[in-house]
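The values are calculated or read from the model by the stated rules, or taken from the named source; none is laboratory data. Everything numeric in this text was worked out from a predicted model, so none of it was measured. Cβ coordinates were reconstructed from backbone atoms using ideal geometry, including for glycine residues, and neighbour counts include every protein chain displayed. Side chains included, ligands, DNA and RNA excluded: accessible areas come from the protein's heavy atoms. Shrake-Rupley method; radii C 1.70, N 1.55, O 1.52, S 1.80 Å.
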Amino acid sequence: MGVCCTYTNSHASPRDDRALAHEDGVSVRPAGPRGGPALDSGALRSGVDQGRSALYRFLLLEFSHCLMKVENTGKDSVSEVLLVFPERQAKNLAYLTALSSTGKGKAKTAAVNLPVKNVNSEGMPPALVAYSVSLPEGGLGKGESFTFDVSVVFTHSLQPFPEKITQADTQLLVFEESAYFLSPYAVKVQSLTVKLPHPRVESYTKLENTKIQGSEIKYGPYENLAPFSYSPIVVHFESNQPFVVARELVREIEVSHWGNVQVTENYDLVHGGSQIKGEFSRLDYQARPHIRGAAAFRNLIAKLPPRAHSVYYRDAIGNISTSHLWGDARKTELEIEPRYPMFGGWRTAFTIGYGLPLQDFLFKSGGKRFLNISFGSPISEIIIDTLIVKVVLPEGSRDISVSTPFPVKQWEETKFSHLDVVGRPVVALEKSKVVPEHDQYFQVYYKFNSISMLREPIMLISGFFFLFVACIVYVHADLSISKSSASYLAKVQWEEVQSVIQQVNNLINRCLTVHDKLDASLRDLSRTGDVQACKTARKQADGLLKELSKELKPLLSILQTSPQAVQILPKVEELVVKEKELQDKLMVKHTTVVECYEKKVSGREIENRIASQQNKITALRQEVDDLLDFIDEL
């Protein structure tokens, strides 16, 4: 078996948070039994035009774009081509695709994806990982040639060196690669071009046929390389572009059949470049941001779908006003500015939300509805360690299936929102090492009965209807207790007892008022000596007290016959007795004082005679007041 290929490898160093690299290999295997591809060290002549579309990539990434032409010079048919990568690179492999196309210019046919899968090839060195690219049906016969593109992306491949810099330092990166194209077959011709974002190169590995022109370093061409040839090179260069890394991004896409697709994106970002050491000076940064903050990033651009509306940008504190939104019929762009400039090692978290017209993303096919929307982040200058996409479908959706252009981890959840009964089904998709090449459209298919859309309006109408009916019933219904029930009778009796007790208290207070008037007449007597006026006051008091006593007797009779007054009756009777005793003592005192004034007894003698009586009157008055307070509390 023989294959004829030619390679021209080109590495473009990126802008922003990615770097370029290339690590592709080609092998062939004859058509026949499946299993590990057999390796053949026959002649290889391959041509690779790699790196043309790799410009303007982010740091932290290696990107390789190779145009490979393979010719079968052997006797057997070839069905697969092997691509091999060092194990250290394979663990960071984020994206690998192979496309076939024929023709040039306007005659060029549409690209067709070739199946790519990881294989365990016999005879492969243990430090290498192999992927097979399946050729179109029929394979590659003797003497036939085939051209295809290979694109590979690795994450976290560029390393900042030094790892820590001051605010005023520039950021330097280290790029490691092989000057020789790594392949399980002999390579006839191959060259490599490394394109850097800045012409300043601190150092680079110098080999045979190496030259530098501005920001490009060219290695080769090299001819007649043995299988698995490897010549390490290191490029140390300047790049002040930011390392924008999303530790985690959670996208929630909520579908509403009432005309809206609501997208909410929660970002956890970190600047993965050289960490800042020493103090940060806001004054220096604001005075000369391009010198005293060259390695920091101040904003990001989110390219939202056309006709995006209700856009917001906030973090844990609240809305962030340092953002700008503009757009037209073809695009909508949101410029995001964090609350502070992002230096190496600094982190921030924020949320972006926006709405989309339903008719632009939801379609019908084969009796099912399907959502067709992009998978990745609208921020192109970012790599994502873990991306979780949650698609929230309307309540009542069933027969859910997902179609993605690449493998993802999938599970289902349930989300409850307003007026939900059984909850809304949620399809969750998770993928690690997500790069802009993954920002492709995926589809979520489901069945939904349009009548289910009436569920929530009917629930609202029914709820308000029953609320109004309940209010009408409550207003017109007699909710009082039956007058024939024992509890109602007991309540009525207790209210009667309370009324009687209140009347008793009023009568006792009127008696005490009469007592106060008698005391006042004695004070007037001591001041004026008018005995006749004092006797007149006594006569009026006797009459009032007799009337009050008559009014009190029927009230006491009611309490004595009421079962509800059993507990309070002793206190009421005690109150009446104490008041009567107080009344008698007060009359005796009044009589004694009047007689002494008629006999012309001195004031000191009068006080001596009524001293004991006054003490008893004071004590009884206190007891009466205490009993009144006690009954009032009951």
Of K447, K599, K578, which has the most accessible area with a 1.4 Å probe, and how do the rest follow in descending order?
K599, K447, K578
Run the reach check for K491 against aspartates and glutamates, Cα to Cα strictly under 18 Å, same-chain hits fewer than 8 apart removed. What comes back?
D478
Sparse-neighbourhood loop hits (trypsin sites (Lys or Arg not before Pro), the stretch 361-443; DSSP loop; Cβ within 10 Å at most 10 others) -> none
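How would I472, I610, I217 line up by accessible area, probe 1.4 Å, largest first?
I472, I610, I217
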Helix 531-561 vs. the chain, principal-axis angle (Cα, 0 to 90°, nearest 10):
60
Too-long pairs where the Cα-Cα distance tops 23 Å, listed order kept, from K517/K585; K364/K431; K546/K580
K364/K431
Can you give the Rg to Rh ratio for the chain, taking only C-alpha atoms and Rh from Kirkwood?
1.47
For the stretch 193-210, Karplus-derived ³J(HN,Hα) couplings (6.51, -1.76, 1.60; θ = phi - 60°; whole Hz; x for glycine and proline) come out as 10, 10, 9, 9, x, 9, x, 6, 10, 5, 6, 7, 6, 9, 10, 5, 6, 10
Leaving ligands, DNA and RNA out of it, work out the accessible area of C471 with a 1.4 Å probe and give it in Å² to the nearest 10.
70
For labels at E547 and H418 in the simple 7 Å Cα→Cβ model, what's the distance in nm?
7.1
Restricting the stretch 249-331 to chymotrypsin sites (Phe, Trp or Tyr not before Pro) in coil, as DSSP defines it, with at most 11 other Cβ within 10 Å:
W258
Would you kindly derive the ³J(HN,Hα) couplings of the stretch 353-370 from the backbone phi angles with the Karplus curve 6.51 cos²θ - 1.76 cosθ + 1.60 (θ = phi - 60°), listing them in order in whole Hz, with x for Gly and Pro?
x, 7, x, 10, x, 4, 5, 7, 10, 10, 9, 10, 7, x, x, 10, 9, 9
Please give the contour-minus-distance gain from H309 to M453: 0.36 nm per residue of separation, less the Cα-Cα distance, rounded to one decimal in nm.
49.5 nm
Taking amide H positions as placed in the peptide plane 1.01 Å from N, state which residues far from G344 in sequence (5 or more) or on other chains have amide H under 5 Å from it.
I276
Please find the FRET efficiency linking R523 to D629, where r is the Cβ-Cβ separation and R0 is fixed at 22 Å, and quote it to the nearest 0.05.
0.25
Quick one: grab the alpha carbon gyration tensor of the stretch 164-287, order the square roots of its eigenvalues as a ≥ b ≥ c, and give me rounded if a/c is under 1.5, else prolate or oblate depending on whether a/b is larger than b/c.
oblate
Ignoring ligands, DNA and RNA, what percent of the accessible area of the chain is carbon or sulfur (1.4 Å)?
52
Solvent-accessible ranking of I458, I451, largest area first, probe 1.4 Å
I451, I458
How large is the Kirkwood hydrodynamic radius of the stretch 125-202, counting all unique pairs of alpha carbons, in Å?
17.4
Expressed in angstrom and ordered largest first, the alpha-carbon extents of the stretch 250-309 along the principal axes are 53, 21, 16
Checked against a 23 Å limit on the C-alpha separation, the offending pairs among K390/K447; K535/K571; K117/K447 are K535/K571; K117/K447
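What number in nm² do you get for the stretch 349-390 if you take the convex hull of its Cα atoms and divide its surface by four?
Value for the stretch 349-390: 4.3 nm².
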Using θ = phi - 60° and Karplus 6.51 cos²θ - 1.76 cosθ + 1.60, couplings along the stretch 425-432 (whole Hz; Gly, Pro as x):
x, 10, 9, 10, 10, 10, 8, 9
In nm², the average projected area of the convex hull spanned by the Cα atoms of the stretch 396-477 is 7.9
For V133, residues with placed amide H under 5 Å, excluding near neighbours:
V81, L82, L83
Å² per residue, accessible surface of the chain at 1.4 Å:
51
In nm, what is the difference between 0.36 nm times the number of residues separating F363 and S281 and their Cα-Cα distance?
24.2 nm
What accessible surface, in Å², does a 1.4 Å probe find on D360, ignoring ligands, DNA and RNA and rounding to the nearest 10?
60
For a quick check: with amide H placed at 1.01 Å from N, whose amide H comes under 5 Å from F243's, ignoring anything fewer than 5 positions away on the same chain?
G272, G273
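In the stretch 191-265, what GluC sites (Glu not before Pro) fall in a loop by DSSP, with at most 15 other Cβ atoms inside 10 Å? All intermediate terms of the calculation are to be shown ahead of the outcome.
On the way: sites: E202, E208, E216, E223, E238, E248, E252, E254, E265; in loops: E208.
Within the stretch 191-265, the qualifying GluC sites (Glu not before Pro) (loop, at most 15 other Cβ atoms within 10 Å) are E208.
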Solvent-accessible surface (1.4 angstrom probe) belonging to K535, in square angstrom, nearest 10
90
